[in-house]
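Just below is one structure, and these are the notes that go with it.
The values are calculated or read from the model by the stated rules, or taken from the named source; none is laboratory data. Treat the numbers as computed from the prediction; the structure is a model and nothing was measured. So basically every Cβ, Gly included, is an ideal-geometry build from the backbone, and we count neighbours across all protein chains shown.
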Amino acid sequence: MRIAVLTDIHGNLPAVEAVLADIDKRGDIEHIYCLGDMLAIGYETNRILELLFGREDILMITGNHDEAVLALSRQETYPESHQSERAHHQWIADRTDPGYLDKIHRLPRQIFQQIEGHAVLFTHYHISHDKATTHISENPFSRIVKPSLESLELLFQEQTDTELICFGHHHPLHHFRNNRSIFLNPGSLGCQPKPAAPYAIIDIKEEIKIKLTEVLYDNRSFLEGYERLKVPERDIILKIFHGGQLQK
């Protein structure tokens, strides 16, 4: 089976459109796994969710930004750890179609599957077993660790029988393996310091083979849209999450 894994779209419509077009052009990818944080940072929420929920070949899970936006939309406790992002998340929540928010609420946090005899975990980031159903206000996702084999082995140490662990949350690429597991984070699709959207193509047969790829796209109009729409925290977002590309 050949699958695609993408993560952390973060409201970047032209990036995800470019990746899905690339996947469709290949014609041999059976399933797509989207590992959370479809919402926030970027602003094209409704159009992205229309695109994702309109496809039958995509399985999605929630990330911390998705759940933080949901908490505001449902008038639930908002996480203290995200207070600096609250105005931005409220802006996103106020502009997101309630029907899509209901669909996101019904998404799982993790997907465990046996694919061609291999145990595979899809998760936004590590969640300990005792926090599997903990509300986002209580910070269920583990603290980010540095992208190294040693750090990820320790982080996912309870996944002793999982051969492929796919995750996102931390925006840089992670690709490590030991004699037991492969740890894969293809990198944030929507938040990069250049107009390129990364994702992974995985062949799962007797062996697991991974191809890391990125799709170039035109992001200038999208980046200019932050100022046009007066997106909260836009200056910080453009600098930190998009590498200040408009200033180059």
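Of the conditions (1) in contact with an Asp or Glu (Cβ under 6 Å, 6 or more places away or on another chain); (2) of a type outside the set (Gly, Ala, Ser); (3) free of Cβ contacts under 8 Å to residues at least 24 places away in the same chain, Ile104 satisfies every one except a single condition; which number is it? Ile104 satisfies every listed condition except (3). The condition of being among the β-branched types (Val, Ile, Thr), touching a strand residue (DSSP E or B) at 6+ places or on another chain (Cβ under 7 Å) and either at pLDDT 95 or above or farther than 17 Å from Pro195 by Cα (or both) holds for only one of Ile48, Ile61, Ile41, that being Ile61. Out of Ala4, Ala15, one residue alone is in contact (Cβ under 8 Å) with a residue 12 or more places away in the chain, part of a helix (DSSP H, G or I) and touching a Phe, Trp or Tyr at 6+ places or on another chain (Cβ under 8 Å). It is Ala15. Take the residues in the stretch 190-218 that are touching a His at 6+ places or on another chain (Cβ under 8 Å) and in a loop (DSSP other than H, G, I, E, B); name whichever of them is surrounded by the fewest Cβ atoms within 10 Å (Cβ to Cβ). Only one residue tops the list, namely Pro193.
Of the residues screened, Leu35 is one that is touching a residue at least 40 places away in the same chain (Cβ under 8 Å), under 21 Å from Ser188 (Cα atoms), aliphatic (A, V, I, L, M) and touching a Cys at 6+ places or on another chain (Cβ under 7 Å). The selection criterion, being small (Gly, Ala, Ser) and free of Cβ contacts under 8 Å to residues at least 12 places away in the same chain, does not hold for Ser188.
Mind listing whichever residues of the stretch 148-161 are assigned to a loop (DSSP other than H, G, I, E, B) and surrounded by fewer than 18 Cβ atoms within 10 Å (Cβ to Cβ)? Ser148, Gln157, Glu158, Thr160, Asp161 - these are the residues of the stretch 148-161 that are assigned to a loop (DSSP other than H, G, I, E, B) and surrounded by fewer than 18 Cβ atoms within 10 Å (Cβ to Cβ). Taken over the stretch 91-106, the criterion of being surrounded by fewer than 17 Cβ atoms within 10 Å (Cβ to Cβ) and either outside any loop (DSSP other than H, G, I, E, B) or touching a helix residue (DSSP H, G or I) at 6+ places or on another chain (Cβ under 8 Å) (or both) is satisfied by Asp94, Arg95, Asp97, Pro98, Gly99, Asp102, Lys103, His105. Condition first: over 18 Å from His169 (Cβ atoms) and in a loop (DSSP other than H, G, I, E, B). Now tell me which residues in the stretch 43-90 satisfy that. Hits for the stretch 43-90 are Tyr43, Glu44, Gly54, Arg55, Glu56, Asp57, Arg74, Gln75, Glu76, Thr77, Tyr78. For Ser81, the conditions (1) of a type outside the set (Lys, Arg); (2) at pLDDT below 95; (3) exposed (fewer than 14 other Cβ atoms within 10 Å of the Cβ) all hold with the exception of (3).
Looking across the stretch 1-43, the residues that are surrounded by fewer than 22 Cβ atoms within 10 Å (Cβ to Cβ) and acidic (Asp, Glu) come down to Glu17, Asp22, Asp24, Asp28, Glu30.
Residue count for the stretch 108-143, restricted to those that are in a loop (DSSP other than H, G, I, E, B) and either touching a Leu at 6+ places or on another chain (Cβ under 7 Å) or in contact (Cβ under 8 Å) with a residue 40 or more places away in the chain (or both): 9.
Let me spell it out: the conditions are (1) in contact with a His (Cβ under 7 Å, 6 or more places away or on another chain); (2) surrounded by fewer than 19 Cβ atoms within 10 Å (Cβ to Cβ); (3) closer than 25 Å to Leu238 by Cβ, and Asn46 meets all of them except one. Which number is the exception? (1) is the only condition that Asn46 fails.
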